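See structure below.
Where a number appears in this text, it was derived from the coordinates with a stated rule and is not lab data. The structure presented is a predicted model; accordingly, all values stated were derived computationally and were not measured. When we count neighbours, we look across all protein chains shown, and the Cβ atoms used for this are built from the backbone with ideal geometry, even at glycine.
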Amino acid sequence: MRYSGPLAKMKTNLQDEVKYYLEIGDDFIMMNDLIGKDLKMTYLNQITCFCGDLVSEVFRMNFCRKCFFEKPEAGDAILRPELSKAHLGEEDRDLEWEKKYQLQPHLVYLANSAGLKVGVTRIGQRPTRWIDQGAREAIVLAETENRFEAGQIEVALKAHMSDKTPWQRMVKGEDVEIDLLTEKKQAVQYVPDEYAKFISENDEVTHIEYPVTEYPTKAKSVNLEKNGSVEGKLVGIRGQYLLFSSGAVMNVRSHEGRHVLLEF
């Protein structure tokens, strides 16, 4: 089989284990069915930016330079929720878009992604955000009314725990045992008093299983623009990473917009 077109991050569905669907152009490929099979993905030296334009290169976050500096989807509050200003009626790049994105319920969560981390996501992104980060389990710490409030809580907690996923350990399956309910009870003390009202009474721990038959003992990140292609037996998927028996791992999300040819 052969499929070609621009890549988008894999869509997911949480069942007994995560189901992954790779989007290439207008096609969706059920990636779970390819585990244990040989495949090859080749870069076709073409990139489609978020704006739909064909570009020779992307700047950051898979945006062309113009989009990165102008589009609200690449604004400061995307990566740093504490910089959100829509609740004040202040525009960063597009106030109407920012109101829709920022002025909606958000979660502050704790996750076990090969280590304890804190994060923020829109309530509608649960559990997609946790899956994309390769979390084994997650628990909601707080449910806020907007992005700014969630960002302020996250900033307070970052003084005591990481907000990053150690991706090398995650793709090698180097998981650790963490009691998230206990961690939540301890984290509550770090929430500023003015935001204590947002602490969630929902203590349910979401458990996530990934379609992985074996983890690589050594992981080598593949960049298609530099390496040209990646091929071999697909042995698993975790987060947005494709795991190969050779130890090669490819982050699909970091290749969004790149035109590829997938063969299997």
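On full extension, the segment bounded by Lys220 and Glu145 gains 23.0 nm, given 0.36 nm per residue less the C-alpha separation.
Measuring against 26 Å, Cα to Cα, the residue pairs Lys66/Lys100; Lys19/Lys197; Lys71/Lys117; Lys37/Lys164; Lys11/Lys220; Lys66/Lys218 contain Lys19/Lys197; Lys71/Lys117; Lys37/Lys164; Lys66/Lys218 as the ones spanning a longer distance.
When the helix-only estimate is applied to the chain (DSSP H runs of n ≥ 4, each -39,500 (n - 2.57), divided by the residue count), what is the mean residue ellipticity at 222 nm, nearest 500 deg cm²/dmol? Rounded to the nearest 500, it is -4500 deg cm²/dmol.
Each residue, Asp203 and Met1, gets one label point 7 Å from its Cα in the Cβ direction; the gap between the two is 4.5 nm. Sorting Trp130, Trp97, Trp167 from the fewest to the most surrounding beta carbons within 10 angstrom yields Trp97, Trp167, Trp130.
If the chain linking Asn227 and Asp38 were pulled fully straight, counting 0.36 nm for each residue of separation and taking away their Cα-Cα distance, it would gain 66.2 nm. With the simple spin-label model, which puts each label point 7 Å out from Cα in the Cβ direction, the Arg65 to Glu174 separation comes to 3.8 nm. Computed on the chain, with alpha-carbon pairs under 8 angstrom and 6+ residues apart, the relative contact order is 29 percent.
Ellipsoid semi-axes for the range 111-264, based on the Cα gyration tensor and the rule √(5λ), read 33, 16, 13 Å when sorted largest first.
Using Cβ point charges alone (K and R +1, D and E -1), the dipole size of the chain about the Cα centre works out to roughly 840 debye. When both the range 1-79 and the range 121-195 are represented by their alpha-carbon centers, they are found 25 Å apart. If R0 is 41 Å, the Cβ-Cβ spacing of Leu88 and Thr182 corresponds to a FRET efficiency of close to 0.65. The ranking of Ser4, Ser254, Ser84 by Cβ neighbour count inside 10 Å, starting from the fewest, reads Ser4, Ser254, Ser84. In terms of surrounding Cβ atoms within a 10 Å radius of their Cβ, Met170, Met161 rank from fewest to most as Met161, Met170.
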